[in-house]
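Undergrad: I have a structure here, written as structure tokens, and I will follow up with some questions on it.
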Amino acid sequence: FGITLTVDGTLFTNPLEAWLYVMTNRVLSRFIRELDRRELLHSKAYFWSVEFQKKTEQPHWHMLVDATAIAYGEIVEIWSRFRPPTAPPLSEPITKENYQGKPPAFGSVRFTKSENVFKAAYYATKYLTKYPNEGYPAWVLDRQGRMPRYGHSHRFFPRVSGHDAMCFCSECRGVVEPEMIEVGRHA
């Protein structure tokens, strides 16, 4: 199940501030935790990739979640809860019952449902590998420090072996150290 989460740029002074708010407050993982608390997910496994809007340079996130169906109103209500405390107050909270016809409290949401796992993988890799035609925004290129383009939960890539999460066997971790090849010898 694919979900696109945008941020209302008017709630922040610039796109970097919006990105930092979402990332430092762990909004994406809290979003998943709330979906799970409401029993809307099969598991807490998720994957996200960030993209930047062409005109506003605002970040938005494309997420894959382990779900069959989630009501649009549920997604809107949960995403609205992350409105920053510095934002102007709303006349009433956005809920799954009253969201229609109201501006987004934190940003807009969209979802893409597909039962085909290959389409879901395509959705994720499309935004992971997409290079913006106009290049990355200057604030992204100028940022000092870590600027992840994607992230995932600990359980997004399941262990095929069924071994414990702390197992360090070659099946679970792959080749840890590259093999040394003698100079002049072909592998």
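Undergrad: How large is the accessible surface of Lys113 in square angstrom, using a 1.4 angstrom probe and rounding to the nearest 10?
TA: Roll a 1.4 Å probe over it and Lys113 shows about 110 Å².
Undergrad: Quick one: ranking His60, His154, His163, His42 by accessible area, 1.4 Å probe, largest first, what do you get?
TA: Putting His60, His154, His163, His42 in descending order of accessible area: His154, His42, His163, His60.
Undergrad: Hey, what did the range 1-127 get for relative contact order, percent, Cα under 8 Å, at least 6 apart?
TA: Over the range 1-127, the number comes to 37 percent.
Undergrad: If you plug each phi of the range 139-149 into the Karplus form 6.51 cos²θ - 1.76 cosθ + 1.60 with θ = phi - 60°, what whole-Hz ³J(HN,Hα) values come out, in order, with x for Gly and Pro?
TA: Working through the residues one at a time gives 5, 6, 5, 7, 5, 8, x, 5, 9, x, 8 Hz.
Undergrad: Would you please give the FRET efficiency between Arg81 and Lys130, computed as 1/(1 + (r/R0)^6) with r the Cβ-Cβ distance and R0 = 25 Å, to the nearest 0.05?
TA: Between Arg81 and Lys130 the formula returns 0.30.
Undergrad: Accessible area per residue, 1.4 Å probe, Å², for the range 4-70: what's the number?
TA: Dividing the accessible area of the range 4-70 by its residue count gives 46 Å².
Undergrad: Could you tell me which residue out of Gly9, Ala45, Met23 lies farthest along the dipole of the range 1-49 toward its positive end? Charges go on the beta carbon: Lys and Arg +1, Asp and Glu -1, centred on the Cα centre.
TA: Going by the charge dipole, the pick is Ala45.
Undergrad: Ok, one more. Which order do Leu20, Leu5 take by accessible area at a 1.4 Å probe, largest first?
TA: Leu20, Leu5
Undergrad: Continuing with the same structure: When the accessible area of the range 39-135 is computed with all protein chains present and a 1.4 Å probe, what percentage of it is carbon and sulfur?
TA: The C+S portion of the solvent-accessible surface of the range 39-135 is 55 percent.
Undergrad: Starting from the Cα of Arg149, step 7 Å along the direction of its Cβ; do the same at Leu20; then give the gap between the two resulting points in nm.
TA: 2.4 nm
The values are calculated or read from the model by the stated rules, or taken from the named source; none is laboratory data. Every value quoted in this text rests on a predicted model; they were computed, and no experiment measured them. So basically every Cβ, Gly included, is an ideal-geometry build from the backbone, and we count neighbours across all protein chains shown. When the accessible area is computed, the model is the full protein with side chains, heavy atoms only, and any ligands, DNA or RNA have been set aside. Shrake-Rupley method; radii C 1.70, N 1.55, O 1.52, S 1.80 Å.
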